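Some notes on the structure that comes next.
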Amino acid sequence: MDKHTLIEEIKRLKKEKDAVIFAHHYQVEEVKEVADIIGDSLELSRKATEVQEQTIVLSGVYFMAESVKILSPEKKVLLPVKDAGCPMADMIDEEKLEGFKADYPTGKVVCYVNTSAEVKAKSDICCTSSNALKVVDSMGEVPVLFIPDQNLGNYVKKHSKNPNVIPYSGYCITHHRARKEDALQAKAKHPEALVLAHPECRKEVLEEAHFIGSTTEIMNYAVNSEKQSFIIGTEMGVVETLKKEAPEKNFFLLAPSFICSNMKKTRLEDIYRALKEDKHEIHLDDKTLQAANSALSNMLVLLK
Ligand code: SF4
């Protein structure tokens with residue numbers, strides 16, 4: 001099928017199956033073009049509870065589709081590419097978490113949303129990159145076991161009122177690849193540009209940033225700023241979206257390595273097949289679903 005026919009078929013199947021397509025900002029452009037809603041993982045999970053359609057096709061990675069299912073268990077959630085995973089989420093599982101907890105028996109677990117449903121189910125509360133500090137500060141002075149991202153964990157530890165934040169050793173392979181030299185080179189090449197970086201980046205990169213925020217915060221900052229030029233320290237999909245949203249401004253990627261191969265796996269053909277054949281439906285057992293829902297809901301209550 002050519003691209004035009006594929007898009008028409010996707011539209012037809014969406015109506016027939018009462019479906020809506022969600023896409024993460026890091027997805028390839030052709031996927032974002034057919035998406036009904038584009039957002040970061042928190043926005044997509046929240047939107048899932050608001051849309052009327054019974055089927056949600058989640059173009060992203062596995063943990064995102066699980067989060068949507070956890071918050072909207074009555075809906076059918078489809079992940080078009082089954083092995084679109086997240087290496088950072090895979091760095092911790094239930095067993096490793098139990099071992100971490102055993103080292104700090106009085107600790108509470110704050111779990112970044114980039115984790116499996118099973119790990120969320122064993123955590124006290126979830127967080128995203130935009131609210132991690134607020135979530136950690138809400139826990140009082142107990143030791144906080146922050147999983148799985150060491151970079152976000154260390155960023156939170158530096159700014160938190162709680163002196164007892166203990167980050168786990170995981171990291172995002174995409175953001176962790178960028179080094180201080182990349183930031184310095186980008187700044188030397190574009191001295192007029194502000195550096196906007198995601199807290200999943202190493203400390204040495206964050207130290208070179210003018211602004212640190214989540215994907216959505218970076219995008220809002222760039223669009224609303226009076227400045228014209230920005231070096232973007234997060235996945236390249238954000239640069240593509242920003243170029244469309246603010247075509248009069250200049251956006252440069254901080255390092256060419258800012259590409260998440262898992263986020264780039266989904267193509268139009270996969271979305272078409274997902275809709276046509278109900279592929280690949282997310283199933284979670286009730287116990288995991290309820291416990292993970294509790295950790296996610298504890299975060300959402302805090303944000304109200
Ligand atoms: S960008 Fe990093 S955290 Fe996000 S899906 Fe890719 S590997 Fe996982």
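Just so it is clear, none of the values below were taken in a lab; they were calculated from the coordinates. If you're wondering where the values come from, they're calculated on a predicted model, not measured in any experiment. Glycine gets a Cβ as well: all are built from the backbone with ideal geometry, and neighbour counts include every protein chain shown.
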Per residue, how big is the convex hull around the C-alpha atoms of the chain? Give it to me in cubic angstrom, could you?
-> 130
Mind checking the alpha-carbon convex hull of region 178-253 and giving the volume per residue in Å³?
-> 73
Zone residues, region 152-173, relative to Glu204, backbone N less than 17 Å from point 7 Å out along Cα-to-Cβ = 152, 154-155, 171-173
Could you pull out every one of the aspartates and glutamates with an alpha carbon less than 12 Å from that of Lys264, ignoring same-chain neighbours closer than 8 positions?
-> Glu29, Glu30, Asp83, Glu235
For Ile7, Ile147, ascending order of other Cβ atoms within 10 Å (fewest first) is Ile7, Ile147
Taking Cα pairs closer than 8 Å and at least 6 residues apart, the relative contact order of the chain in percent is 22
Rg/Rh for region 1-140, where both radii come from Cα atoms and Rh is the Kirkwood radius = 1.04
Residue pairs, from the table Lys32/Lys76; Lys14/Lys76; Lys32/Lys244; Lys47/Lys108; Lys75/Lys134, whose Cα atoms sit over 19 Å apart | Lys32/Lys76; Lys47/Lys108; Lys75/Lys134
Whichever aspartates and glutamates have a C-alpha closer than 16 Å to that of Lys203, once near sequence neighbours (fewer than 8 apart) are set aside = Asp149, Glu181, Asp182
q = 0.16, 0.21 Å⁻¹, region 85-193: log10 I(q)/I(0) [Debye, one scatterer per Cα] = -0.70, -1.05
Under-5 Å amide H pairs with Asn250, H placed in peptide plane, nonlocal only | Ser229, Phe230
Residues Thr174, Thr241, Thr128 arranged by fewest to most Cβ contacts within 10 Å | Thr241, Thr128, Thr174
Modelled FRET efficiency - R0 41 Å, Glu29 with Val142, Cβ distances, 0.05 increments = 0.40
Assertion target for Thr115, Thr49, ordered by fewest C-beta neighbours within 10 angstrom first, is Thr49, Thr115
Around Glu181, what is the net charge, scoring Lys/Arg as +1 and Asp/Glu as -1 over all other residues with Cβ under 13 Å from its Cβ?
-> +2
For region 117-125, what does the Karplus curve 6.51 cos²θ - 1.76 cosθ + 1.60, with θ = phi - 60°, yield as ³J(HN,Hα) per residue in whole Hz, taken in order and with x for Gly and Pro?
-> 4, 5, 6, 4, 4, 9, 10, 7, 7
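If you average 1/r across every pair of different Cα atoms in region 237-304 and take the reciprocal, what Kirkwood value do you get, in Å? Before the final figure, lay out the partial values.
Details: mean 1/r = 0.0610 Å⁻¹.
Final number for the Kirkwood radius of region 237-304 is 16.4 Å.
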Added length on full extension, which subtracts the Cα-Cα distance from 0.36 nm per residue, Glu245 to Asp2 = 84.8 nm
